[in-house]
Amino acid sequence: MRVPFSLQMAIFITVLLIPGVLFLCQIWRLHPLYTDSSVRESVRTSMTDVAAREGWLLSDMLVTGVTADHVRLHHREHLRGADREFCVMIALADRSLHSCDEKLS
């Protein structure tokens, strides 16, 4: 049985759209890093300062969201045994740490 070309094309486009939408969602949460150099620099210095202050490695910090006011990240300590992971937000104004459950103003 031969599958019609139009059905093949529809399946192909669907297979391309699913990962495309997933990548678009990730890019949208991080778009200030790509579009605003002042936010990008502020995020970089804030993460470096917090990592030095808390004794964290930058490689243990995964950025999951950025706004003009704060950066949301997951910190995962890579230790032997079970790795402890938690979500924190860094306020870019004063580089203070906040739990992701807190509401920043």
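May I ask you to say which residue of D94, D49, D60 is charged (D, E, K, R) and open to solvent by less than 30 Å² (accessible area, probe 1.4 Å)? Show your work before the answer.
Values: D94 fails: open to solvent by less than 30 Å² (accessible area, probe 1.4 Å); D49 fails: open to solvent by less than 30 Å² (accessible area, probe 1.4 Å).
Among D94, D49, D60, only D60 is charged (D, E, K, R) and open to solvent by less than 30 Å² (accessible area, probe 1.4 Å).
Residue-wise test of (1) open to solvent by less than 80 Å² (accessible area, probe 1.4 Å); (2) modelled with pLDDT under 95.
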position	(1), (2)
M1	no, yes
S6	no, yes
P19	yes, yes
F23	no, yes
Y34	no, yes
V39	yes, yes
T45	yes, no
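So in segment 69-91, with the set limited to residues that are among the aliphatic types (A, V, I, L, M) and either surrounded by 11 or more Cβ atoms within 10 Å (Cβ to Cβ) or modelled with pLDDT of 90 or more (or both), which one is nearest to H31 (Cα to Cα)? Give the derivation first.
Applying the first criterion (among the aliphatic types (A, V, I, L, M)) to segment 69-91 yields 71, 73, 79, 82, 88-91.
From what is left, the residues that are either surrounded by 11 or more Cβ atoms within 10 Å (Cβ to Cβ) or modelled with pLDDT of 90 or more (or both) are 71, 73, 88-91.
Details: V71: 12, L73: 15, V88: 19, M89: 17, I90: 17, A91: 17 Å.
So the residue we want is V71.
Just the residues that are touching a residue at least 40 places away in the same chain (Cβ under 8 Å), among the polar types (S, T, N, Q) and closer than 21 Å to E85 by Cα, please, taken from segment 16-74.
Residue satisfying the conditions is S46 alone.
In segment 33-47, how many residues are more than 15 Å from S96 (Cβ to Cβ) and not charged (D, E, K, R)? It would help to see each step written out before you state the result.
Start the filter on segment 33-47 by keeping residues that are more than 15 Å from S96 (Cβ to Cβ), which leaves 33-41, 44.
Next, only the ones that are not charged (D, E, K, R) stay: 33-35, 37-39.
Summing the residues that are more than 15 Å from S96 (Cβ to Cβ) and not charged (D, E, K, R) in segment 33-47 gives 6.
The values are calculated or read from the model by the stated rules, or taken from the named source; none is laboratory data. Fair warning: this is a prediction, and the values are worked out from it, not measured in the lab. All Cβ positions, even for glycine, are placed from backbone atoms using ideal geometry, and neighbour counts span all protein chains on display. Quick note on the areas: whole protein, heavy atoms, side chains included, nothing else; ligands and nucleic acids left out. Shrake-Rupley method; radii C 1.70, N 1.55, O 1.52, S 1.80 Å.
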